Every structure is written in structure tokens, then in C-alpha cells.
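First the structure, in the form of C-alpha cells, and then the observations on it.
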Amino acid sequence: MPKIRIRYFNDRMERLAYVDGKSDWIDLRAAKDVTMKAGEFQLIPLGIAMELPEGYEAHVVPRSSTYKNFGIIQTNHMGVIDESYCGDNDQWYFPAYALRDTQIQEGDRICQFRIIEHQPVLMFEEVASLGHKDRGGIGSTGRK
């Protein structure tokens with residue numbers, strides 16, 4: 001099991017924990033109180049910096065309840081943090097856009113992450129046909 005070195009930016013932050021058997025995504029929390037008006041953008045500090053193993057990256061996404069609870073969306077829809085972002089002051093942030101007025105309290109779970117290996121080197125081969133039957137285009141499987 002790889003060990004991940006982590007720096008917390010304050011002593012109040014709940015320490016990260018991997019919850020075995022529940023999900024392989026790990027929750028991240030707001031590191032300060034945040035007030036946002038509808039239409040406002042803010043980088044919400046997550047209160048951590050990490051040294052990821054070489055060849056790995058972290059994917060940061062909203063929790064399923066983030067919009068329902070706080071009315072914010074992640075502006076880049078998925079954050080990718082590679083192993084070179086590992087300095088003492090390379091704090092992780094959640095780039096939030098508010099769709100309604102909202103308040104987020106320090107310690108609120110607003111996003112989640114997982115650590116995965118980098119994609120292997122790929123080769124692309126141009127062809128005139130892929131040789132498979134078409135599925136019918138985007139949305140072809142219906143609504144239900």
C-alpha cells in the first residue's frame with residue numbers, strides 16, 4: 001500500500017481517511033468559511049498539500065450532494081493534480097462557481113478525490129473504417 005505524505009494547513013482540519021468497503025473516493029473539506037453570491041467565483045482552499053507517488057495523479061470532483069447542499073459547481077468539472085504539485089505551499093483548492101447565494105462552513109465536505117496511475121503511452125492508428133455497427137448517435141439509448 002503506497003504511503004502519501006500530506007501537509008495540513010491548520011490543526012482544525014479533519015484528517016483524511018480511506019474508508020475501506022464504502023468507496024475508493026476520499027472526501028475533502030473546505031478549510032475556511034466561505035460566503036458566495038450567485039454568479040460569483042471563488043477558489044475554496046481545501047487545507048491540504050500532498051506528495052503523490054511518481055507516476056500518479058489525483059482527480060478532484062464534486063461530491064454528489066455538493067450542488068444540492070451548497071449551490072456550487074466546479075468550474076473545470078474535474079481537477080487533475082499531478083505529482084509535481086507537491087511543494088509545502090501547493091495547497092489544493094476547489095474552483096467554485098455559485099448558482100445561488102450560499103454559505104460553506106469550515107469542515108463542510110465539498111468535493112472528493114482519488115489517486116490513479118498516469119495513462120500509459122498510447123499510439124493512434126488512422127483507419128478508414130472501425131469495422132463495427134453504429135449505435136445510433138448521442139442519446140440513442142433513450143431516457144429510461
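Can you find a residue in the stretch 37-49 that is touching a Pro at 6+ places or on another chain (Cβ under 6 Å) and among the aliphatic types (A, V, I, L, M)? Looking for residues that are touching a Pro at 6+ places or on another chain (Cβ under 6 Å) and among the aliphatic types (A, V, I, L, M), one finds at least one in the stretch 37-49, hence yes.
Considering the stretch 36-57 alone, what residues qualify as being within 21 Å of Arg5 (Cα to Cα) and out of contact with any Asp or Glu (no Cβ under 8 Å at 6 or more places or on another chain)? Across the stretch 36-57, the qualifying residues are Pro45, Leu46, Gly47, Ile48, Met50.
State yes or no: is Ile81 touching a helix residue (DSSP H, G or I) at 6+ places or on another chain (Cβ under 6 Å) and modelled with pLDDT of 95 or more? Answer is no for this residue. Residues in the stretch 65-91 that are touching a Gly at 6+ places or on another chain (Cβ under 8 Å) and not polar (S, T, N, Q): Glu83 only.
Listed here are the residues, each with its yes/no results for (1) in contact with a His (Cβ under 7 Å, 6 or more places away or on another chain); (2) in contact (Cβ under 8 Å) with a residue 24 or more places away in the chain.
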| position | (1), (2) |
| --- | --- |
| Pro45 | no, yes |
| Gly55 | yes, yes |
| Gly71 | no, yes |
| Ser84 | no, no |
| Asp90 | no, yes |
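Determine, yes or no, whether Lys3 is part of a helix (DSSP H, G or I) and either of a type in the set (D, E, K, R) or over 16 Å from Trp92 (Cβ atoms) (or both). No: the conditions fail for Lys3. Do we have Met78 as under 25 Å from Val121 (Cα atoms) and not hydroxyl-bearing (Ser, Thr, Tyr) here? Yes, satisfied.
The values are calculated or read from the model by the stated rules, or taken from the named source; none is laboratory data. In this text, all values refer to a predicted model and were calculated from it rather than measured experimentally. Quick reminder, even Gly has a Cβ in these numbers, built from the backbone with ideal geometry, and neighbours come from all protein chains shown.
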